[in-house]
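The values are calculated or read from the model by the stated rules, or taken from the named source; none is laboratory data. Quick caveat, the model's predicted, so the values are computed rather than measured. Note that we place each Cβ from the backbone using ideal geometry, even for glycine, and neighbour counts take in every protein chain shown. Accessible surface areas use protein heavy atoms only, side chains included; no ligands, DNA or RNA. Shrake-Rupley method; radii C 1.70, N 1.55, O 1.52, S 1.80 Å.
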Amino acid sequence: MPLDGRHVEASPESYTNGRITAKDGDPDATKTLHLRTSSKKERAAWIEALASTKNLLSLRQFNDKPSIVVPTDVSLPNERLKKRLLEEGTSEVLVKNSEQIMLLEKAANSIEYSDDEEIYFFDTQDCFHELKTQPDEMTACEIERRKKLPDPAEKEKGASLWSLIKDNVGKDLTHVCLPVYFNEPISSLQKCFEDLEYSYLLDQAYHYGKEGNSLQRILKVAAFAVSGYASSEGRHCKPFNPLLGETYEADYPEKGVRFFSEKVSHHPTLIACHSEGRGWKFWGDSNIRTKFWGRSIQLDPVGVLTLEFDDGEVFKWSKVTTSIYNLILGKIYCDHHGTMHIRGNREYSCQLKFKEQSFLERNPHQVHGFVEDVSRKKHATLFGKWDESMYYINGDANVKPKDMSDANLLWKRSMPPSNLTRYNLTSFAITLNELTPGLQEKLPPTDSRLRPDQRHLENGEYDMANAEKLRLETRQRMSRKLQENGWKPGWFQKDSENGTYRYVGGYWEKRQEHCWDGCPNIFGELSQDIHDSTSRP
């Protein structure tokens, strides 16, 4: 391409590398123009524009006379050039972009010319706006997700939690029906996906393992296991309990993650999930046993989470206990406590201790742990807070604040959203129940986003949300009977009699085909055939 009178030599390799060398009359003087493209389509468009300009523009050679000044007004040559390019069939957009390149080049060369090579970079996204990918080819940086929940349509009514649960001390609260005011506008199926907010840690772990750094891999896995608790800070409302057969999908190409979950059992309550990322898979099922102790609620998770990398390394762990305090008096807060064992099938395993918060604790939410090999030798010490960040030090160390200068950061929590709600959802959680353009027609009738009481709550339509919640809970009471009559999960099955529910596949293929035959309309009105089937002895 002629750049202000200089001759361009560009080989196919130059285009491939995104580098074009321009020479003036002096054979030793060169100028390099670097063009960054993010797709083959952009690269081809640049080649077309550059090649067309090179072939059609008359070249003016520099001479050695210092009195010759490069003109800055190129409007007349450009008009002739544009006319000729359009006659040759070059698109008008590409012509305008070629003109822009020439103007940028002239501006860069308004100073005295030097024999030394000068390098300039141009971003193709800035110049070729029409080459931005279409929705079905959407790249990560172009996916826009919402930053806030809808403004409430109604003023919220207050309710006394104590008046509702005072007669249930010592009981499992999963069987206690609470008004919608005590819910947050996401389901337990969606809340499972919150564990993957910091999935980039698993991407990093995968690459460390590929490079042979097994220690860094398990350190990143440990950080990931802790990061799933960060979103619970300030979250005092309970998620919606899914209906039997309710599902949730999450396709986040900007994170390189695809997730799917389903409520696979009503009694006991079991939720199964499966996720795939960049070089890894993550799955598990979970059941939360709750106990109410007057001033607090204790949540004990039951189930095993499994992480498998494409190279065959596997890690398994279970979650620690969660307690919510000051339900009657004082400021409500939650805490996570217990020991988490992350067991690997190769060289390393990890143990993390979530310290229980005491009444006078000045430094709450602490997590300490270590990585050890099969001979029980400690190779790294971990410490931090589950709601802030995690660090590590090589070897077996007694960590104190003064050791922070030697610590290496593993993970840091993202900043909270600027649009806070009473639910204290993170920026990531705000996106979970969103119906992005074109999504609703692709979803099965079982997806949590289509649940009416949850949608009404998100919109601040509290009376409608309460009415729908009562209707769906009437339907939910028949789920146990359905299960006893032979109901089976749609997308998961147990890998053994007492094993974990595993994803059997097929969901994303059905979604691609827009074929949801056999998926029940679980949020619709209770049909007579279902009523009859559950009433039979």
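Here are the numbers:
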item: Residue satisfying condition, being touching a Phe, Trp or Tyr at 6+ places or on another chain (Cβ under 7 Å) and in a strand (DSSP E or B), within set Gly369, Gly338; result: Gly338
item: Matching residues in the range 274-303 - criterion: being within 15 Å of Arg502 (Cβ to Cβ) and open to solvent by 10 Å² or more (accessible area, probe 1.4 Å); result: His274, Glu276, Lys281, Trp283, Asp285, Ser286, Gly303
item: Subset of the range 440-453 [over 26 Å from Asp463 (Cα atoms) and open to solvent by 20 Å² or more (accessible area, probe 1.4 Å)]; result: Glu441, Lys442
item: Criterion: in contact (Cβ under 8 Å) with a residue 60 or more places away in the chain, farther than 28 Å from Arg480 by Cα and of a type in the set (Phe, Trp, Tyr) - qualifying residue of Phe292, Phe309; result: Phe309
item: Check on Leu360, of a type in the set (A, V, I, L, M, F, W, C), over 26 Å from Pro301 (Cα atoms), open to solvent by 60 Å² or more (accessible area, probe 1.4 Å) and free of Cβ contacts under 8 Å to residues at least 12 places away in the same chain; result: yes
item: The range 234-254, residues that are over 17 Å from Tyr503 (Cβ atoms), open to solvent by 20 Å² or more (accessible area, probe 1.4 Å) and under 19 Å from the mean Cα position of the chain (by Cα); result: Pro253, Glu254
item: Matching residues, the range 304-327, being assigned to a strand (DSSP E or B) and open to solvent by 60 Å² or more (accessible area, probe 1.4 Å); result: Glu308, Lys316
item: Some residue of the range 194-204 being out of contact with any strand residue (DSSP E or B) (no Cβ under 9 Å at 6 or more places or on another chain), open to solvent by 10 Å² or more (accessible area, probe 1.4 Å), outside any helix (DSSP H, G or I) and not acidic (Asp, Glu); result: no
item: Members of the range 328-357 found to be hydrophobic (A, V, I, L, M, F, W, C) and either within 27 Å of the chain's Cα centre (by Cα) or open to solvent by less than 20 Å² (accessible area, probe 1.4 Å) (or both), listed by number; result: Cys334, Met340, Ile342, Cys350, Leu352, Phe354
item: Residue check, Glu194 modelled with pLDDT of 95 or more, touching a helix residue (DSSP H, G or I) at 6+ places or on another chain (Cβ under 8 Å) and farther than 12 Å from Gly277 by Cβ; result: yes
item: Count of the range 260-271 residues which are crowded, with 20+ Cβ neighbours inside 10 Å and free of Cβ contacts under 8 Å to residues at least 40 places away in the same chain; result: 0
item: Thr247 being at pLDDT 95 or above and of a type in the set (Ser, Thr, Tyr); result: yes
item: Any hit, the range 183-190, residues being touching a residue at least 24 places away in the same chain (Cβ under 8 Å), closer than 25 Å to Glu156 by Cβ and surrounded by fewer than 22 Cβ atoms within 10 Å (Cβ to Cβ); result: yes
item: Residue satisfying condition, being among the aliphatic types (A, V, I, L, M), over 30 Å from Lys377 (Cβ atoms), crowded, with 22+ Cβ neighbours inside 10 Å and touching a strand residue (DSSP E or B) at 6+ places or on another chain (Cβ under 7 Å), within set Val257, Val226; result: Val257
